[in-house]
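Okay, so here's the structure we're looking at.
The values are calculated or read from the model by the stated rules, or taken from the named source; none is laboratory data. These numbers were taken from a predicted model, which means no experiment stands behind them. Backbone-built Cβ (ideal geometry, glycine too); neighbour counts: all protein chains shown.
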Amino acid sequence: KKPLIIDCDPGHDDALMLMLAVGCGLFDIKAVTISAGNQKQEKTLSNALKILTLIDADIPVYRGAEKPLFRDLIVADYAHGETGLNAPSLPTVTRAPAQGSAIEGIAKVLSESIEKITIVPTGPLTNIATFLLAFPHLKNRIERISLMGGGIFRGNMTPLAEFNIYADPEAASIVFNSGIPITMCGLDVTHKALVFQKDIDHFRAIGNKTGRAAADLMDFFSVYYREHHIELDGGAALHDPCAIAWLIDSSIFKTKHCYVDVETRGELTTGTTVVDFYNTLQKEPNTEVAYDIDREAYIEMIYQAVKKLP
Ligand code: BDR
Ligand code: CA
């Protein structure tokens, strides 16, 4: 099984990402580290513990940074609600977080593992950047970073900046300039990774508690997408599972190897991933940039994973 560390800020789509990562059975998930993002650290931590309790996954969960490197915290309560994971059918938290911080947890996993580790961030990149600054000698123990964030031609926080990158652009800049191979699932692909009402009904019909929770979660965040994204024709963008789906079967994506950097000082563009999609700068590519997905195959992949869970 491929060893992974997941860094997330649940978040409805982060929750589905965890269900896919655990349910597919292909990964040895060594740790889940928590970023603040969709809500404050306290809430995203508790949400991750709830989801892992629900799906019966005994994985150490490490508390992460409470705010971005230099900027004030912004949260996405407009899409994910007051708890960051509003949904009717989630268990109460009974388990405790692991001892130590996110960066200590990552350092522990990387130093103990013989195999290189893939890191999957689906929130702001504060923990990953802090880790790279604090433990530079462990960088070569990371095989790849497969992340959800950014966009080639669009944003959702500003016209060009996506939430996870916009929330902590300096951290994102450190990650994209780290030299570690990166896969980026940005808005261009995640706005094609759509879930529709018929898919939600299909998940609920599985009849297990994870299927019910997945359906409730998707019901909640679909409301935001129906109100704010008429161009998606009733679909909701299921962003974060893309970062795991690419590791499971990259053939359902179209990607291009590009040079990517992050704007941190723009007048209109702070937090934008600047993707040299047409290789105008002729710089060494650092990122596999996903720009299209076989939607049906993606939803089926998540469905099959949820079916295997409690
Ligand atoms: C990203 O922002 C968060 O709200 C989602 O969980 C996803 O990671 C999409 O822009
Ligand atoms: Ca997220």
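Return yes when residue 270 is in a loop (DSSP other than H, G, I, E, B), among the hydroxyl-bearing types (Ser, Thr, Tyr) and closer than 29 Å to residue 82 by Cα and no when it is not. Answer is yes for this residue.
Number of residues in the stretch 287-300 that are surrounded by fewer than 20 Cβ atoms within 10 Å (Cβ to Cβ) and touching a residue at least 24 places away in the same chain (Cβ under 8 Å) equals 4. Restrict the check to the stretch 84-98 and report whether at least one residue is hydrophobic (A, V, I, L, M, F, W, C), closer than 24 Å to residue 305 by Cβ, at pLDDT 95 or above and within 15 Å of ligand 2 (Cβ to nearest atom). No, the stretch 84-98 contains no residue that is hydrophobic (A, V, I, L, M, F, W, C), closer than 24 Å to residue 305 by Cβ, at pLDDT 95 or above and within 15 Å of ligand 2 (Cβ to nearest atom).
Checked against (1) aliphatic (A, V, I, L, M); (2) away from ligand 1 (no atom under 14 Å from the Cβ); (3) outside any helix (DSSP H, G or I), residue 133 passes all but a single condition, namely (3). The numbered conditions (1) without any contact (Cβ under 8 Å) to a residue 40 or more places away in the chain; (2) assigned to a strand (DSSP E or B); (3) of a type outside the set (Phe, Trp, Tyr) are all true for residue 107 except (2).
The residue of the stretch 203-228 that is surrounded by the most Cβ atoms within 10 Å (Cβ to Cβ), among those that are aliphatic (A, V, I, L, M) and out of contact with any strand residue (DSSP E or B) (no Cβ under 9 Å at 6 or more places or on another chain), is 214. Please determine whether any residue of the stretch 136-154 is in a helix (DSSP H, G or I) and closer than 21 Å to residue 83 by Cβ. Scanning the stretch 136-154, I find no residue that is in a helix (DSSP H, G or I) and closer than 21 Å to residue 83 by Cβ, so the answer is no. When 36, 79 are checked against the criterion of being in contact (Cβ under 8 Å) with a residue 60 or more places away in the chain, under 22 Å from residue 145 (Cα atoms), within 14 Å of ligand 2 (Cβ to nearest atom) and small (Gly, Ala, Ser), a single residue qualifies: 36.
The rows are residues; the columns are (1) within 16 Å of ligand 1 (Cβ to nearest atom); (2) among the aliphatic types (A, V, I, L, M); (3) over 22 Å from residue 164 (Cα atoms).
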{"site": "3", "(1), (2), (3)": "no, no, yes"}
{"site": "33", "(1), (2), (3)": "yes, no, no"}
{"site": "70", "(1), (2), (3)": "no, no, no"}
{"site": "80", "(1), (2), (3)": "yes, no, no"}
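Can you name every residue in the stretch 136-174 that is of a type in the set (Lys, Arg) and more than 13 Å from ligand 1 (Cβ to nearest atom)?
If the condition is that a residue be of a type in the set (Lys, Arg) and more than 13 Å from ligand 1 (Cβ to nearest atom), then 139, 141, 144 are the ones that fit.
When we screen 190, 122 for residues that are within 16 Å of ligand 2 (Cβ to nearest atom), buried (at least 24 other Cβ atoms within 10 Å of the Cβ), under 23 Å from residue 234 (Cα atoms) and among the polar types (S, T, N, Q), the only hit is 190. The listed residues are 83, 118, 130, and the only one of them that is closer than 29 Å to residue 206 by Cα and touching a helix residue (DSSP H, G or I) at 6+ places or on another chain (Cβ under 7 Å) turns out to be 83. The C-beta contact set for the stretch 134-158 (first residue in contact (Cβ under 8 Å) with a residue 24 or more places away in the chain and of a type in the set (Asp, Glu), second residue more than 9 Å from ligand 1 (Cβ to nearest atom) and not in a loop (DSSP other than H, G, I, E, B), distance under 7 angstrom, 6+ apart or interchain) comprises 143/117; 143/118. Considering the stretch 230-275, the residues that are surrounded by 19 or more Cβ atoms within 10 Å (Cβ to Cβ) and either of a type in the set (Asp, Glu) or without any contact (Cβ under 8 Å) to a residue 12 or more places away in the chain (or both) include one that is farthest from ligand 1 (Cβ to nearest atom), namely 263.
Listed here are the residues, each with its yes/no results for (1) within 13 Å of ligand 1 (Cβ to nearest atom); (2) surrounded by 17 or more Cβ atoms within 10 Å (Cβ to Cβ).
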site	(1), (2)
6	yes, yes
12	yes, yes
17	yes, yes
29	no, yes
56	no, no
90	no, yes
93	no, no
96	no, no
100	no, no
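Within the stretch 186-226, the set of residues being free of Cβ contacts under 8 Å to residues at least 12 places away in the same chain, within 20 Å of residue 76 (Cα to Cα) and more than 15 Å from ligand 1 (Cβ to nearest atom) comprises 226 only.
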